[in-house]
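Peer 1: Let me give you the structure first, and then I'll get to my questions.
The values are calculated or read from the model by the stated rules, or taken from the named source; none is laboratory data. Small disclaimer: the values here were computed from a predicted structure and weren't measured. Here Cβ is always computed from backbone atoms with ideal geometry, including for glycine, and neighbour counts include all displayed protein chains.
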C-alpha cells in the first residue's frame, strides 16, 4: 500500500466516508469527525505509519489536506 | 479460604484460583501488545460516541503512547513486577478500573481487579473488548495473569484477596482506604491508596482578557471537561477558582470566562432538576458557614459561584457538585499557601507560569498539590498520578553492583 492509500484508509475506516469526500474534509465538517472521532483518527494514523504524533500536531491536525503536509515532519511523504 | 469457592462473578480473564503471579518486566512487549489491541478495538467500537471516556482510555493505551511512556521510564535498574496486584476500583469514575489494571500490567504484575458494583456501561464495553482478546492464544500469558471480578462489598472476600496480594491499589476515598488497610496482607505488600482529594484552578485575568476567540474557546471546553464530564465528582476536578491580575482585569476576565462557560453549557443537555436543588441547598448552607461577599448564579442556573474575601482553612470540606465554585483573588498566593494541606491534589492553570506554583510548594515544604497541569488536563490520568510513580511503585528493583 502506498502512503497515500494508508492515509486515506485511516480516514475512510474511522469516518466511513467515500473517496470523493476526502479532499475537502475538515475537522467537525461531519458528525463523525468530532473530538472523539479525532482521537480514533490520530490513533489510526499513528498505527498506519508506526509513528507517535506530538501533542501540538494532534491539536493542529485540522483537515485532510493539512494532515498530509504535517506528516512530512515525520518523514512521511504523501 | 479457598479461592475457587469465593462467591465472585468473573467478568473477564481467568478464575481467581487459576491466576498465576508469573511476573514480567515493566512495559513488556506482551503487555503493550495486549493493551494496544484493546485500544484499537475500543476506538473502533460505536459506543465511544456515547461514552467519550471509553475513547479516552482507548486513546491512552494506544501503542504510540505506551511506547513513549516506556521510553521515558527508568532504565537505571533491572525491574520486575511485584507479583499479584489487587485493585479495588472506584465507583465515581467509570473507566478508572481499566487504567488501574493497565498500570498494574505495565508494571509487570498479575492483576485481580474488583470492578465497581455500580455496573457502569463503560465497564461492560471495555471488559467485552478485553475478554475477546484474552480468549486468543496470542494473549494466553496475559490471560493467566488477569482476573476481572465483581462482588458486593464483602469484607471476607476482600480479606482473602488481600492475604495473597503483593500490592493493593485502593481507590474510593478515605473510608474505603482505612477499612481495607486494617486487613492483613503479606508483610512486603505495597499499598497504593487513593484517598479523598481536593483540587483548585488558578486563572490569569490578563491572559483571559487577551485570549483570541480560538484559545478562549479551548479554555472553556477544557474547563468544562475538567468539571462537568464527571459532574465535579472527580478528585481532580476544580472546586475553588483563584484569580490573579489587577482588579479591573479580573472583573472583565470573570465576566468573559463565566459567561463563556455558561453559553457553552447551554449547548449541552439540560441538567436534572435535582442538581439545581442540590446546588441551591449547598449555597444556602455555605452562606451560613462562610461569609461570602457575593453570590452568583448563571442565568440557566448551571453555575453557582460564591465569592470570598478570605479563604477559610478547611474550605475543602465545603465542596459542591454539578458546577459549584468558590472564587477569590490571590495575587501573591498567600491565601492558597495558608490553606494547602495533604488533601490538595491538582491545580489547573491558565495564562500563568506553573513554576510559581511548584516553587511555592517546594520552598514552603507544603504537603499539598501533586499535580500542576493546564486547564483541560485535570482528568488526564497516566502512570504518574496522585503523587505516585505507579509503574515504579508497582515493580521491584533488582540491584546488581
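Peer 1: Going by the conditions given, is residue A:71 within 12 Å of chain B (Cβ to nearest Cβ), over 22 Å from residue B:49 (Cβ atoms) and either buried (at least 16 other Cβ atoms within 10 Å of the Cβ) or modelled with pLDDT of 95 or more (or both)?
Peer 2: It is false that residue A:71 is within 12 Å of chain B (Cβ to nearest Cβ), over 22 Å from residue B:49 (Cβ atoms) and either buried (at least 16 other Cβ atoms within 10 Å of the Cβ) or modelled with pLDDT of 95 or more (or both).
Peer 1: I've got another one for you. Of all residues in segment A:49-61, how many are touching a residue at least 24 places away in the same chain (Cβ under 8 Å) and more than 11 Å from every other protein chain (Cβ to nearest Cβ)?
Peer 2: Result for segment A:49-61: 1.
Peer 1: Further question on the same structure: I need the full set of residues from segment B:353-373 which are surrounded by 15 or more Cβ atoms within 10 Å (Cβ to Cβ) and under 19 Å from residue B:236 (Cα atoms), in order please.
Peer 2: Hits for segment B:353-373 are B:357, B:361, B:366, B:368, B:369, B:370, B:371, B:372, B:373.
Peer 1: Separate question: Check residue B:85 against each of (1) under 21 Å from residue B:159 (Cα atoms); (2) in a helix (DSSP H, G or I) and name the one condition it does not meet.
Peer 2: (2)
Peer 1: Do we find a residue being surrounded by 20 or more Cβ atoms within 10 Å (Cβ to Cβ) and touching a residue at least 24 places away in the same chain (Cβ under 8 Å) anywhere in segment A:22-35?
Peer 2: No, segment A:22-35 contains no residue that is surrounded by 20 or more Cβ atoms within 10 Å (Cβ to Cβ) and touching a residue at least 24 places away in the same chain (Cβ under 8 Å).
Peer 1: In addition: Could you list all residues from segment B:211-233 that are out of contact with any strand residue (DSSP E or B) (no Cβ under 8 Å at 6 or more places or on another chain), part of a loop (DSSP other than H, G, I, E, B) and modelled with pLDDT under 95?
Peer 2: B:229, B:230, B:231, B:233
Peer 1: Looking at A:65, A:5 in this structure, which one is without any contact (Cβ under 8 Å) to a residue 12 or more places away in the chain, farther than 18 Å from residue B:44 by Cα and more than 14 Å from chain B (Cβ to nearest Cβ)?
Peer 2: Selected residue: A:5, the only one of A:65, A:5 that is without any contact (Cβ under 8 Å) to a residue 12 or more places away in the chain, farther than 18 Å from residue B:44 by Cα and more than 14 Å from chain B (Cβ to nearest Cβ).
Peer 1: Also, I was wondering about something else. Do you know which of the residues in segment B:34-56 that are more than 23 Å from the chain's Cα centre (by Cα) and without any contact (Cβ under 8 Å) to a residue 24 or more places away in the chain is farthest from the other protein chains (Cβ to nearest Cβ)?
Peer 2: Across segment B:34-56, the extreme among qualifying residues is B:46.
Peer 1: Testing residue B:30 on (1) within 11 Å of chain A (Cβ to nearest Cβ); (2) in contact (Cβ under 8 Å) with a residue 40 or more places away in the chain, one condition comes back false. Which one is that?
Peer 2: (1)
Peer 1: Could I ask something else about it? Applying the selection to segment B:57-83, what residues are without any contact (Cβ under 8 Å) to a residue 24 or more places away in the chain and at the interface with chain A (Cβ under 7 Å from one of its Cβ atoms)?
Peer 2: B:59, B:64, B:68 - these are the residues of segment B:57-83 that are without any contact (Cβ under 8 Å) to a residue 24 or more places away in the chain and at the interface with chain A (Cβ under 7 Å from one of its Cβ atoms).
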